[in-house]
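Laboratory data are not the source of any read-out in this text; all were calculated from the coordinates shown. Since this is a predicted model, take the numbers as computed values, not measurements. Quick reminder, even Gly has a Cβ in these numbers, built from the backbone with ideal geometry, and neighbours come from all protein chains shown.
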Amino acid sequence: MPYTMIRFRRYTLKLYSLAIFLVLGFLFAGHLYTHDKLKRADILSSIFQNVVTGFSFITRLPRGELYLYSAVANPDERWGNFTSITINLWDGSQNKKFDCCIFNKKTMDNFVTKEAFIKNDFGYSPFSARQYQCQIPQCIMNATHVGMVEHGTPCSAFMKTIPVFYPSREKGKLAICAKIAYGTLSPQRLIEWFEYHRLMGVDKVLTMVQYLNEDAYKVLLYYQKLQFGEIDEFPLPLPGKVIGFSDRGFEEYRFTLPQCSHDKQVGVYSCQEKLQGYDYVGVVDFDEYIVHDKLWSLKDILNVCNKGRTAVQNSLC
């Protein structure tokens, strides 16, 4: 065999070997990257397990399940009395007719059944984000807890319920829903974000928290101590089992549509209801900044937009 042909075959063999080596290298690197993400998530979960206790407010029905996240009392226009309750939940049932079981647990035997109506519906998903509303009867004005059953099913003093949150009137004030904090966040950038919004006239920031790196969580605790921030727990793991996604979450490699959009919306519903006493409520993520070209505060911008009497003012909004 000619020497040139032998050299050519040797070079060809070396190129094939190099190509195989590179492919195996990329596959191994991808495995390490995914493994590192999963390991980091496990570490964060173990760090944060003493803060978020999981999800327990489950109403099991013959045709599915409801996962109740929060219940918020709604006032009349004058904020004189609370006349209804809004329940923010994941709806994994095939039924759309429910009753509210409204309790005053200071007197354990005092409860009443009222029909629930859909207040907001985020659309279809295996576990849809929805709000149900039920009227508070005069006989039980100081409702402390609420549960849900299928329409026509009797309530029970021993059924699972969630506490009713009563918002306060905060006239002239501005609040922000910062959605859900999870995974690894930069504490430095969190501080920048909070301080910027303090300068911009924000009075309160409400954040739902899943598992979170310790330094970032300390930042949230610091602003809660200042009474500027407020923390609500968000369930970990997320409620309900979606076929094909045994471990869904908000990170890119665990995110699934449309379900995770519904998961976030349950938190937004709850936040907006709890902050309903503020004149202005905005939904702003931790990587978002609203900046006016004249550096007006957010409250000034909203006040001008709210008046909206001139073309000049309207152009600023």
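Within a Cβ distance under 10 Å of C271, other residues only, what is the Lys/Arg minus Asp/Glu net charge?
Details: positive: K179, K274; negative: E230, D232, E273.
Every neighbour counted, the sum reads -1.
Could you check the spin-label model distance between C305 and F117? Points 7 Å from the Cα along Cα→Cβ, value in nm.
With each label point 7 Å from Cα toward Cβ, the separation is 2.9 nm.
Amide H neighbours of F255 under 5 Å, counting only residues 5+ apart in sequence or on other chains, H built in-plane at 1.01 Å?
G249
For segment 139-279, rounded, prolate or oblate, judged on the Cα gyration tensor with a ≥ b ≥ c (square roots of eigenvalues), a/c < 1.5 rounded, else prolate if a/b > b/c? Display every interim value, and only then the final one.
On the way: a/c = 2.30, a/b = 1.19, b/c = 1.93.
Oblate shape, in that a/c is at least 1.5 and b/c is the bigger or equal ratio.
When a/c reaches 1.5 or more, the comparison of a/b and b/c decides; with that in mind, is segment 58-165 rounded, prolate or oblate per its Cα gyration tensor? Could the numbers behind the result be given before it?
Numbers: a/c = 2.07, a/b = 1.32, b/c = 1.56.
Note, shape of segment 58-165 comes out oblate.
Based on other C-beta atoms within 10 Å, arrange S125, S156 from fewest to most. Present the calculation step by step, with values, prior to reporting the outcome.
Working: S125 21, S156 12.
The most exposed by this proxy come first: S156, S125.
By per-residue mean of other Cβ atoms within 10 Å, what is the highest-first order of 282-290, 172-180? Walk me through the numbers on the way to the answer.
On the way: 282-290: 13.9, 172-180: 21.0.
Descending mean neighbour count gives 172-180, 282-290.
Can you give the net charge of the other residues whose Cβ lies under 15 Å from the Cβ of K114, counting K and R as +1 and D and E as -1? Walk me through the numbers on the way to the answer.
Values: positive: K97, K119; negative: D99, E115, E150.
So the surrounding residues net to -1.
To the nearest 0.05, what FRET efficiency results for T153 and V242 with a Förster distance of 30 Å applied to their C-beta separation?
Values: r = 26 Å, r/R0 = 0.88.
Once the sixth-power term is evaluated, E becomes 0.70.
Distance from a point 7 Å along Cα→Cβ of R78 to each backbone N in segment 124-141: keep the residues under 17 Å and list them by number.
Taking a point 7 Å out along Cα→Cβ of R78, no residue of segment 124-141 has its backbone N under 17 Å.
Around I231, under 13 Å between beta carbons, what's the net of Lys plus Arg minus Asp minus Glu among the other residues? Before the final figure, lay out each step's value.
On the way: positive: K179, K204, K218, K225, K274; negative: E230, D232, E233.
Summing Lys and Arg as +1 and Asp and Glu as -1 gives +2.
Enumerate the whole-percent occupancy of each 10 Å bin, from 0 to the last occupied one, for all C-alpha pair distances of segment 228-273.
22, 54, 21, 3, 0
Can you put V202, V268 in order of Cβ neighbours within 10 angstrom, beginning with the fewest? Don't jump to the answer; show the numbers that get you there.
Details: V202 22, V268 17.
Lowest to highest Cβ neighbour count: V268, V202.
Ordered by residue, what ³J(HN,Hα) values in Hz, to whole numbers, does segment 178-195 give under the Karplus form 6.51 cos²θ - 1.76 cosθ + 1.60, where θ = phi - 60° and Gly and Pro are x?
9, 6, 10, 8, 8, x, 10, 10, 6, x, 4, 5, 4, 4, 4, 5, 5, 5
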